[in-house]
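Coordinate-derived values only; no laboratory data. Predicted model, so just to flag it, every value in this text is computed and none were measured. All Cβ positions, even for glycine, are placed from backbone atoms using ideal geometry, and neighbour counts span all protein chains on display.
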């Protein structure tokens, strides 16, 4: 008998050896991962926006204010920045970093990620838990605001590094089974959502600022790329030529770059397809259908297509589809 | 560090007389002196940080919404020589055996009541007596699979049983974590000793749970049932599930269909065979017990009665750890096993008895009064420390509901050095060993040594400002390894 001729019955049982996962655990796994990814985006956005101010000084105060409000808009925080002393920038930065009432502040994202992790400590690795718990306590520490004052840059970098370390640990210390697949799905859905909102918001702000001279425009476009952790990837591709359409095409359509929307959609699609195959080998679920179609669309898209009805409209449509996919995941897997 | 250390007329675990450590403590004392206060303090900070970062915490309810706290860790290990432990172990095996026979008897023939060893009204009046369990056969006739029996030592150093915890005893996770942290922070302290390993506890627990699984062809599915993340012992529930590699479920994850229990997974329902439940009887099944419970599973008891499910511990074991029933455990041992209790009880006055009650009410200032069903140090009166008003309130409560109270003379618990700031002071301790009743009875060597960190306090519960220390049970051979020369110690420490 050749090694390949395994009786069907055994193949079947091997296929089903995958350990079932509690629906509540899958839910917590998913949200833990989304909030870790979100925390990283919030930290990077705040860092880049603060640095932008240093770069361009007081050259365009109105634009600066728009950039800060843009941060709130990207994170779907429509509330007006809190009253108080200090510039709009300082107030918004504080609000988005330490305010526990604000559900999208850094501290809220990390707290929620950790709260979810605490509910599933027995199924994540000790390394993942310890890393996230340490990050949480460093933000909750009494001296955290002082560290923030001392070096905002270091402070945000620490959160970004913490988030990335967590994702690395997730890859390296967790079996790549259903648990891991849910973290991947969540991470990439969150990345698609935030990245598309960054591009949309920044595009709108900069389009309305035609008065800017070229040098200054370039700095603003570079900031967009930095907000998406993509400046180096873009430079290698386009040799530093800061053309708005190219920046947008890169962020949306680039095939191999892990921060691009196309890449993230591909990964999210693979994750949901693998989950579905394990749970229900014979069907396709609604979230998989949405992500599969989107994946095909992006894979075969001409760059011109994303500008056909205006980039913001294209991105809004994309966000709606991602929202629907996320809802479908909830329905299929968490609400048994 | 030990210069001002005083025994205060108590039994001191470490010092036989001032500045003269008992043989089995010599090496630890030498090591601590060699390290010196600042090195010890630095390592304690390391330990605290480890506890925090690893989230080894418990939740305190009195604070608003429950706040996570680190269980204070006291770095001076408690050491139990092999011969002492051998006696304790025999006593505990005897006790859990008798308690299980008692539960089996109470829920079936009730011989112990019919032969007037225990007054029936004491059992029927016990809050935790479960009529629902009458004539229910539990898997392999085991009721108390996991028991935590609290031991104390009196002024003469005799070990006494203070109470049995036969429902859902907690604390074992801290025992394992304390050992882990101790090995990391003070590795050299172990070198002079042969300390018995405790790390196989989760494995033994899993075997114990497998032992009671309903007999079916396939591997049983075992889960740990927790009330949720806001429960004070949530860390432990999660810890044990992780260590055993089984799912940690909440009531909402389970569903009963056709008298089988299932858990809700991403792929639909999966059958569950054994539940290590950390939810009290009262909350287990709203159809059977408290109907307002959201922590349990409707229909669970039915599946249990049908024999489709094993629960650890069984339902109704609370009748065995009722504090009034406790007074009869030596009689149970005599009755079921024909033996004398190896570990004596603390003398106990049962307020339901007229003579006892009269004595208790007249001597409230000398006694400790306990509610028969509370745990965690709640519902207690320390008569000698209480105010006149507090005593009067308790007198009224006892008169109104005598069945609910017992009283005991104040036992001056033994003391052990604890690190307080940068020096050592005596603090009262107790010991909770963990006993597993599966295919055989396994006593974990050691257990949770709890410390009353408040000076002069006799209450060791974590909810009342208690801490804990690592507990070393020594191997029978070479237990008194001579302390290394301190000069050699210094070179090791730098």
Legend entry - Helix A:286-299 vs. chain A, principal-axis angle (Cα, 0 to 90°, nearest 10): 60 degrees
Inset, instruction - Return the average number of partner chain Cβ atoms within 10 angstrom of each residue Cβ along peptide A:23-32. - result: 3
Inset, instruction - Counting helices only, and only those DSSP H runs with n ≥ 4, report the 222 nm mean residue ellipticity of chain A as the sum of -39,500 (n - 2.57) divided by its residues, in deg cm²/dmol to the nearest 500. - result: -23500 deg cm²/dmol
Inset, instruction - Pairs of Cα atoms under 8 Å, at least six residues apart: use those to get the relative contact order of chain B, whole percent. - result: 25 percent
Inset, instruction - Per DSSP H run of at least 4 residues, take -39500 (n - 2.57); add these up for chain B, divide by its residues and hand me the 222 nm value, nearest 500 deg cm²/dmol. - result: -9000 deg cm²/dmol
Inset, instruction - Could you tell me whether segment B:334-457 comes out rounded, prolate or oblate from its Cα gyration tensor? Rule is a ≥ b ≥ c as square roots of the eigenvalues, rounded for a/c under 1.5, then prolate if a/b exceeds b/c, otherwise oblate. - result: oblate
Legend entry - Shape call, segment B:34-108: gyration tensor on alpha carbons, a/c limit 1.5: oblate
Legend entry - Acute angle (nearest 10 degrees) that the helix A:261-279 long axis makes with the longest principal axis of chain A, alpha-carbon atoms: 30 degrees
Legend entry - Order of B:155, B:127 under a 10 Å beta carbon neighbour criterion, fewest first: B:155, B:127
Inset, instruction - Please list B:229-235, A:298-304, B:167-173, B:428-434 highest first by mean number of surrounding beta-carbon atoms within 10 Å per residue. - result: B:428-434, B:167-173, B:229-235, A:298-304
Legend entry - Fraction of antiparallel bridges per DSSP, the protein assembly as shown only, in percent to nearest 5: 75 percent
Legend entry - Peptide B:261-271, shielding by other chains (average Cβ, 10 Å cutoff): 6
Legend entry - Cα gyration tensor, segment B:128-175 - rounded (a/c under 1.5), prolate or oblate: prolate
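Neighbour counts of other C-beta atoms within 10 Å: give me A:36, B:315, B:76 arranged from fewest to most.
The order, fewest Cβ neighbours first, is B:76, B:315, A:36.
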Legend entry - Per-residue Cβ neighbour rank within 10 angstrom, fewest leading, A:278, A:288, B:132: B:132, A:278, A:288
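Which whole number gives the average count of other chain Cβ atoms within 10 Å of the Cβ atoms across peptide A:127-134?
Counting Cβ atoms of other protein chains within 10 Å of each residue's Cβ and averaging gives 3.
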Inset, instruction - Give me the percent of DSSP beta bridges within segment B:235-315 that run antiparallel, rounded to the nearest 5. - result: 75 percent
Legend entry - Between 0 and 90°, nearest 10: helix A:244-253 axis offset from chain A longest Cα axis: 20 degrees
Legend entry - DSSP beta bridge pairing in chain B, given as percent antiparallel to the nearest 5: 75 percent
Legend entry - Residue with peak Gaussian network fluctuation, chain A [Cα springs, cutoff 10 Å], from A:79, A:268, A:313: A:79
